[in-house]
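Remarks on the structure that follows.
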Amino acid sequence: MQALTIRRPQGPLRATIDLPRSKSVSNRALFIASLLGDLSLVTGLSDGDDTRVMHELLRDRPHTMDCGAGGTTFRFLLAWASVQEGEEHVISGIPRLLQRPHGDLVEALRTLGADIEPVATGYRVRGRRLTGRKVHFDSPISSQYLSALVLIAPLLPEGLELQWTGTRLSEPFVSMTLKLLDHFGVRASLTMDGVVVPPGAYEKRPYEVPRDWSSAAFWFEQVALDPGSSVLLTGLQKDTLQGDREAVQLWSPWVRATFQPEGLLLENKQEAGPWTDNAVDMRHVPDLFQPLAFTLAGRGVTAALTGLDNLVVKETDRLKAVGDVLRQLGCTAGHRGGTFIQGGAIKSKGAFTFDPDIDHRMALSVAPLALLLESVTVKDPDVVDKSYPRYWDHLRQAGYAVS
């Protein structure tokens with residue numbers, strides 16, 4: 001599909017949306033199920049490309065494991081392949097994925113005894129029995145490094161003692177990994193100094209993947225920007241696994257969120273509450289940055305968002321990408337290090353065209369600006385297949401004109 005143009009509904013949003021399942025949880029659960037030799041233990045998988053690719057690679061175990069654009073898939077499979085004794089795999093992906101930072105994870109795996117070497121298409125990994133126990137990370141650029149190591153830790157003869165110093169970005173994702181270990185019978189702990197995982201086998205237990213709080217954020221954005229709107233997110237519960245449930249608090253000035261038996265009801269508040277005058281630390285929920293930044297611009301709020309250091313090495317430099325869009329729409333925006341500062345309301349109200357540049361979250365979070373603009377045209381709309389393939393259908397279901 002070359003491009004999609006989105007125009008707002010005729011009246012306020014009224015919709016019931018069946019959110020996708022969490023790809024972050026899906027990929028972790030699949031990893032553990034593969035180590036147990038039974039992928040069927042995990043049900044309700046995400047239908048996003050990242051999880052589809054992860055499932056196919058773990059099922060078929062090809063020599064070359066092409067992860068596409070999936071950073072989580074790539075990093076998790078580096079660790080997975082390291083413990084597949086007697087097997088050799090090449091972990092690969094698109095050129096931009098290979099340019100993203102993976103070296104600290106590779107060195108940590110080598111510290112544990114892994115046989116990994118770089119090749120032109122990624123990394124060649126020869127599986128073996130790992131014997132190491134201790135790893136130290138200082139301000140790692142991605143929490144995925146830690147999660148990848150934690151997932152293989154029960155296979156280590158002495159378990160894993162992972163020291164985590166400096167800035168601790170995206171800590172809820174590490175907590176998510178530990179809770180999945182707990183579900184499968186391994187009692188690990190997150191401490192002030194890092195992570196401790198005891199040795200011991202995973203236990204075979206069924207697991208159903210929950211609905212995705214990260215995807216819910218794009219509906220929080222829409223309800224915040226549309227007076228009189230109301231959206232029911234079916235099946236979304238107050239679960240303790242996903243850190244992005246923080247969306248309830250972050251959008252609370254404009255969105256009333258009420259848990260019901262069917263899911264989470266979002267309603268636009270007629271009278272907006274105050275936005276904090278202080279900088280908001282997003283180090284634990286960086287995936288909420290894009291929809292929140294565009295919400296703030298749509299509401300004309302000046303804000304400083306901090307703790308976003310690792311967003312420069314995602315699918316795109318997300319701080320630059322969001323800033324570019326906001327400036328095109330008449331706002332002020334810029335960043336220094338991991339702090340993003342924006343101000344002013346969206347001034348341009350005409351048709352807007354943009355290229356997400358392979359970043360699914362840019363497409364997902366810019367499209368709702370059709371509520372404020374004449375239209376939004378998204379080049380490469382298939383990019384949302386990475387995490388939320390039914391998004392455009394859901395917008396149509398909610399009353400948008402999508403053509």
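Taken together, the values in this text are just the output of simple stated rules run on the coordinates, not laboratory data. Everything numeric here is computed off the predicted structure, so don't read it as measured data. Glycine also receives a Cβ, built like all others from the backbone with ideal geometry; neighbour counts cover every protein chain displayed.
Here are a few things to note about the model shown:
- Across the chain, C-alpha contacts under 8 Å between residues 6 or more apart give a mean separation that, scaled by the residue count, equals a relative contact order of 20 percent.
- Charging the Cβ of each Asp and Glu at -1 and of each Lys and Arg at +1, and nothing else, the dipole of segment 23-208 about its Cα centre rounds to 80 debye.
- Cα centroid of segment 46-109 to Cα centroid of segment 363-403, whole Å: 29 Å
- Each DSSP beta bridge with both residues in the chain is either parallel or antiparallel, and the antiparallel ones are about 65%.
- The local environment of residue 346, defined by Cβ-Cβ distances under 15 Å, has a net charge of +1 under the rule Lys, Arg +1 and Asp, Glu -1.
- Over the chain - Rg/Rh using Cα atoms and the Kirkwood inverse-distance radius: 0.97
- Percent RCO, i.e. relative contact order, over segment 94-199, from Cα pairs under 8 Å lying at least 6 residues apart: 23 percent
- Overall form of segment 23-208 per C-alpha gyration tensor (a/c, 1.5; a/b vs b/c): rounded
- Residue 69 long-range amide H proximity, modeled H, under 5 Å: 94
- 222 nm mean residue ellipticity, helices alone, for the chain (DSSP H n ≥ 4; -39,500 (n - 2.57); rounded to 500): -9000 deg cm²/dmol
- Residue exposure sequence - 96, 52, 28, 211 - by fewest surrounding Cβ within 10 Å: 96, 52, 211, 28
- Shape class for segment 89-183: oblate, because the ratio a/c of the largest to smallest gyration tensor axis (alpha-carbon atoms, square roots of eigenvalues) is 1.5 or more and b/c is at least a/b.
- Ordering 230, 40, 365 by the number of other Cβ atoms within 10 Å of each residue's own Cβ, fewest first, gives 40, 230, 365.
- Segment 1-64: C-alpha gyration tensor shape, a/c 1.5 cut-off, then a/b vs b/c: oblate
- Signed unit charges on C-beta, dipole axis of the chain, positive-most listed residue 381, 169, 186: 381
- Charges were assigned to the Cβ only: +1 to each Lys and Arg, -1 to each Asp and Glu. The resulting dipole of the chain about its Cα centre is roughly 380 debye.
- Sorted by Cβ neighbour density within 10 Å, fewest at the top, the residues 393, 50, 115: 393, 115, 50
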